[in-house]
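The values are calculated or read from the model by the stated rules, or taken from the named source; none is laboratory data. From a predicted model like this one, the values you see are computed outputs, not experimental measurements. Note that we place each Cβ from the backbone using ideal geometry, even for glycine, and neighbour counts take in every protein chain shown.
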Amino acid sequence: MSFPDLSAGGNPDYFHIQISTPFAVGDVNVYLIRDEKNVLIDCGPKTKIAHQTLVNQLGEAGLKPGDIDEIWLTHGHPDHSGLAAMLRDRHGIRLLAHRGERGNFAKNSDRQLFGDFFKEAGVPGYLIHEMDMQRKWYEVYFDAMEMDGWIDDGDELSTGRHHFTAHHLPGHSPGHLGFTDENGHMFSGDVLLQRISTNAIISFDPDTGERLNTLRQLRQSMRTMASVTGMVFPGHGQPFDRAAETVQHHLESHEKRYLKILELLSRGPGSLFETAKKLFPEIERPELTFLCMSEVAGFVDRAIIEGFAQTEIINGHRVIIGNVPLSDIACR
Ligand SMILES: [Zn+2]
């Protein structure tokens, strides 16, 4: 379906394809640029229904999968990229993404790093095992894939009549990309959603194995998004304008959460898991553990950098010790 309801983004060459996913986030948005070169921005998860929806919707735009020249992947999470390997194999479609996503395009990546991190963070063994089971389930929805080329920050991409600039917007994933067109409209994947606060997912540097400060990256990427002047075409939910207002809303929510976490830290030392459990009592539901840990890890990183907390290894667990008295937090 095209964008009949959008005056600013109502470009006859752009098509919106909404695809269901097996994930809690719900449907994912795939965008078709029908031009001299036909490009998909993302392609949906590896499920039969997603593939069928994609084929049907391409048909409505007068195209077959084999007419697609390239897929530009915003990032390597399977709701966005799961079908990519199959589309490349069957139809010779070229896949392009940022090299920071290498880990997400492979299976079983960083398993040891995650295991070690969660153990040190005080996550009970049974939940580390459950998260591993979740990862296996999640990996059903994509095939490991090779890219045909890499896109870097600032790269200019053309489809013929339309010209795009790539933006590296890490934080939700290490090599997350957004694409602005010549009118300032942004295809932005998961970096900025209108109704959902994007999770700064725990990730490791693919070269060094160091855990990335994904929340700091995400906040920087969101500030970049605030300068988008056109429509935002996100990976989930409806397109929206006035990106700066949505950015401000999410950044303010971050500040509230940060104060809450400083307050929790001021009540006494604990592991990252214990801290997260105070904020999210539901953390022991295996499908939520990883997201809850990601949500809290970034704020604790920030508290440490800003001198409001420190850590010590005690009996193999990293214990976080808050440095701020409650009274000081109330004044901030
Ligand atoms: Zn994602």
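Any chance you could count how many residues in the stretch 1-23 are part of a loop (DSSP other than H, G, I, E, B) and at pLDDT 65 or above? Final tally of qualifying residues: 7. Tell me which residues, restricted to the stretch 181-210, are within 16 Å of the chain's Cα centre (by Cα) and in a strand (DSSP E or B). Scanning the stretch 181-210 gives M186, F187, S188, G189, F204. Among all positions in the stretch 132-147, there is at least one residue which is closer than 30 Å to R285 by Cα, out of contact with any His (no Cβ under 8 Å at 6 or more places or on another chain), without any contact (Cβ under 8 Å) to a residue 40 or more places away in the chain and within 15 Å of the ligand (Cβ to nearest atom).
Among the residues making up the stretch 148-163, those that are under 27 Å from H51 (Cβ atoms) and touching a residue at least 60 places away in the same chain (Cβ under 8 Å) are D148, I151, L157, T159, G160, H162.
Do the conditions hold for G209, that is, is it within 15 Å of the ligand (Cβ to nearest atom) and within 16 Å of G100 (Cα to Cα)? Criteria not met by G209.
The set of residues in the stretch 100-136 being part of a helix (DSSP H, G or I) and β-branched (V, I, T) consists of I128 alone.
Can you work out which of the residues in the stretch 225-247 that are hydroxyl-bearing (S, T, Y) and surrounded by fewer than 18 Cβ atoms within 10 Å (Cβ to Cβ) is farthest from the ligand (Cβ to nearest atom)?
Initial filter on the stretch 225-247 (hydroxyl-bearing (S, T, Y)): 227, 229, 246.
If we keep only those that are surrounded by fewer than 18 Cβ atoms within 10 Å (Cβ to Cβ) too, we end up with 227, 229.
Working: S227: 22, T229: 24 Å.
Among those residues, the one meeting the criterion is T229.
Comparison of G44, G26 shows that the only residue that is within 16 Å of the ligand (Cβ to nearest atom), in a loop (DSSP other than H, G, I, E, B) and more than 17 Å from A144 (Cα to Cα) is G26. Criterion applied to A61, A85 was being within 21 Å of the chain's Cα centre (by Cα), surrounded by fewer than 19 Cβ atoms within 10 Å (Cβ to Cβ) and in the same structural domain as A200 (by TED's automatic domain parsing), and the one residue passing it is A85.
When H185, H168, H176 are checked against the criterion of being over 24 Å from R88 (Cβ atoms) and at pLDDT 95 or above, a single residue qualifies: H185.
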